[in-house]
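The values are calculated or read from the model by the stated rules, or taken from the named source; none is laboratory data. The structure presented is a predicted model; accordingly, all values stated were derived computationally and were not measured. Positions of Cβ are backbone-derived with ideal geometry, glycine not excepted, and every protein chain shown enters the neighbour counts. Remember, those area values only see protein heavy atoms, side chains included, never the ligands or the DNA or RNA. Shrake-Rupley method; radii C 1.70, N 1.55, O 1.52, S 1.80 Å.
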Amino acid sequence: QVQLVESGGGLVQAGGSLRLSCAASRNIFNINAMGWYRQAPGKQRELVATITRGGSTVYAGSVKGRFTISRDNAKNTVYLQMNSLKPEDTAVYYCSANAASRATFSINDYWGQGTQVTVSS
C-alpha cells in the first residue's frame with residue numbers, strides 16, 4: 001500500500017519555481033518529522049529539507065534561501081516550495097515521513113514513490 005503520494009514535479013526553466021506536495025494516507029498516523037530528499041542520476045540520495053510536527057526546519061546548504069518546506073498537520077501533508085531553480089536541482093524528489101502504522105502501531109520511516117524535477121538551462 002502506498003503511504004505517501006507526491007505530486008507537483010515537472011519541467012521548468014532555470015530561475016523558475018515549482019511546488020511539490022506529499023500527502024500521507026490514512027494507513028499511517030502520529031506523524032513526526034516529514035521531509036524531502038532528492039537523488040540525481042549517478043548520485044546518492046541527499047537531504048533537501050525536513051520539518052518537525054512543531055514546525056522546526058532544517059535545510060541543505062545548497063537550497064537554503066531558495067526552497068521552503070511547510071506542512072499542514074490537519075491534512076497530513078508536507079510541501080516544498082522551490083524558487084530560483086537551477087539545473088543542478090534536477091533530480092527525483094522523494095517525500096519521507098516518520099510515523100506509526102495503523103495496522104501494527106509500529107513506528108517506521110515511510111517513503112513516497114518519487115517525483116521528477118527537471119530544470120533546463
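A few remarks follow.
- Residues being surrounded by fewer than 18 Cβ atoms within 10 Å (Cβ to Cβ) and either assigned to a loop (DSSP other than H, G, I, E, B) or in contact with a Gly (Cβ under 8 Å, 6 or more places away or on another chain) (or both) - total across segment 89-113: 6
- Taking the listed residues Lys64, Lys86, the one that is more than 15 Å from the chain's Cα centre (by Cα), basic (Lys, Arg) and surrounded by fewer than 17 Cβ atoms within 10 Å (Cβ to Cβ) is Lys86, with no other qualifying.
- Of all residues in segment 12-39 being under 22 Å from Ser106 (Cβ atoms) and of a type in the set (Val, Ile, Thr), the one that is surrounded by the most Cβ atoms within 10 Å (Cβ to Cβ): Ile28
- Within segment 49-61, considering residues that are within 12 Å of the chain's Cα centre (by Cα) and not hydrophobic (A, V, I, L, M, F, W, C), the one most open to solvent (accessible area, probe 1.4 Å): Tyr59
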